[in-house]
1. What accessible area per residue comes out for the chain, rounded to a whole number of Å², with a 1.4 Å probe?
2. For the range 160-257, which whole-number percentage of the solvent-accessible area (1.4 Å probe, protein heavy atoms only) is attributable to carbon and sulfur atoms?
3. If M327, M506, M386 are ordered by their accessible area, calculated over protein heavy atoms with a 1.4 Å probe, which sequence runs from highest to lowest?
4. Order the peptides 494-501, 214-221 from the highest to the lowest mean number of other Cβ atoms within 10 Å of their residues.
5. So how far, in whole Å, is the C-alpha centre of the range 336-359 from the one of the range 63-142?
6. Show me, for the range 303-313, the HN-Hα J-couplings you get by feeding each phi into the Karplus relation (A = 6.51, B = -1.76, C = 1.60, θ = phi - 60°), rounded to Hz, glycine and proline as x.
7. Starting from the Cα-Cα distance between S103 and K29, subtract it from 0.36 nm times their residue separation and give me the gain in nm to one decimal.
8. How much FRET efficiency would the formula 1/(1 + (r/R0)^6) give for S441 and K113, where r is the Cβ-Cβ distance and R0 is 60 Å, rounded to 0.05?
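The values are calculated or read from the model by the stated rules, or taken from the named source; none is laboratory data. In this text the structure is predicted, and so the values were computed from the model without any measurement. Note that each Cβ is placed from the backbone with ideal geometry, even for glycine, and that neighbours are counted across all protein chains shown. In case anyone asks, the SASA skips ligands and DNA or RNA and just uses the protein heavy atoms, side chains included. Shrake-Rupley method; radii C 1.70, N 1.55, O 1.52, S 1.80 Å.
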Amino acid sequence: MKKPMFLILLLCLVINCKSKNEGEATEKKLPRIAIAGIGIESSTFSPAQTHEEAFHARIGDSIFGRYPFFEEGTAIRNRADWVPTLLGKSLPGGIVTREAYESMVAKTLKMLKENGPYDGLFFDIHGAMSVVGLEDAEGDLIQRIRDVIGTDALISTSMDLHGNVSKRLAEHSDLITCYRMAPHEDALESKARAITNMLDRLENGKGKPNFKAWVPVPILLPGEKTSTRIAPGKGLYAQIPSVENQEGVIDAAIWIGYAWADEPRNHAVVMVTGDDREQVIAGAEKLANAFWKVRHDFEFVAPVATLEESLQMALAHKESPFIISDMGDNPTAGGAGDVSWTLQQLLARPEFKSENSPSLIYASIPGPELIEEALKSGIGKKVKGMVGAQVDNRFAPPIALEGTITAIKEGDRDAEVEVVVQVGSIHVIVTKKRKPYHQESDFTDLNLKPRETDIVVVKIGYLVPELYDMRKGWIMALTPGGVDQDLERLGHKNIKRPMFPLDIAMEDPDLSARLLRASDAVD
């Protein structure tokens, strides 16, 4: 009897030990990873300023709703113990007030302090945020986060390819990547890649990469000249996999940079991360030299012309719609969104004076005063009120718009209230707050039919996919505003010179890779 009892006791001991070990192993499987980020593309050439409410900051678990790959039960969600803190994302606009920035940073740091420690941080930013009194906002933010979470945590940074990678941001980021398409159809894919790279490194025990190569490239070009839809941008970004797929390389990325801010960090950058020193260096230098080699080949992604020339083309076009990009005040590049110059020109033209004239949609112009009157009057009634030039009145004054209300829509996340006012054959979309118009539903929700409209004028640069697929003709108009496509007219004073194409005859730069210190070695 003693032997069987001994065996039973031994078996129980083995089972208990196994269960305990399995439990410990299960606990070790899930790394603890925080989520944080503040994102905006902000022009320092616009008189507008961006306040905290524009970021619609999400706190805690509400952050998961921004990412489909973070839904309950998804592979990424199940691979870590996630600690979402603050994520604020604003429409592009003017420089961010210092008060707004410090408020969001303080909330982020407080939550990080309260919920640590962490194995990693998913740092989701745009990369082109300018803040009053700061020269490198994202570099400041990541360094302050490092001071809280320590140097052991692995930070994986996800960015827009129109962001700026300062040396400080690069040093404090262990892993870093950016979009590879413009328009940014791969935005979510890129964010998922940043997360997956981090999870893989934490799970396989490799942790921080051994090498990070950073190459500043003295090129400053607007996004409308660097679309990946056409050469040379398309071919340049097509070279990334040949570097990324090398043994010992984790990620390779090319940043075009942001042309409408005036800071030393505003220029192109190439970065490669990995464990093989030679491959990381060679890959970074290959991409940087490829970028420099094609610098003269970048052209606007579509034909460009003056507004007058654009309208003549549109009026002569036989198919609908003909889309005109009102580029200078593009709110998705950082324009104030309320420059009234183009609308003023349109309303003065005889071609659109009667309802039977060629139809035109103008999207859009902020006009809180008119919105207030329209809400009192209602659809079908006449309305009169001032619109535009409340923020950026450098090119034209506010317009006294008078017409018939054809639609009213309340509750939009950005515009808050939208009103369509018909003046002759022009349907002007007036908003309480500025809003970009990118989807067909943005128009059809206002009872407008863009596909059946002769001319659609929209404050945008290159067309996003829905508008691009809808167009039957397209021209980009060289209009004035805070994101003027003529960089010479902007007058940069603080960027590093020489800079192509502002210094067109500059000598070839040093494009050798700079190996950056790991974040645990940064002061």
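1. Accessible area per residue: 42 Å².
2. In the range 160-257, the share of accessible area belonging to carbon and sulfur is 50 percent.
3. Accessible-area ranking of M327, M506, M386, largest first: M386, M506, M327.
4. Put in order of decreasing packing, that is 214-221, 494-501.
5. For the range 336-359 versus the range 63-142, the Cα centre distance is 41 Å.
6. With coefficients 6.51, -1.76 and 1.60, one gets x, 10, 6, 5, 4, 4, 5, 4, 5, 4, 5 Hz.
7. Difference between extended and current length: 23.1 nm.
8. After rounding to 0.05, the efficiency reads 0.90.
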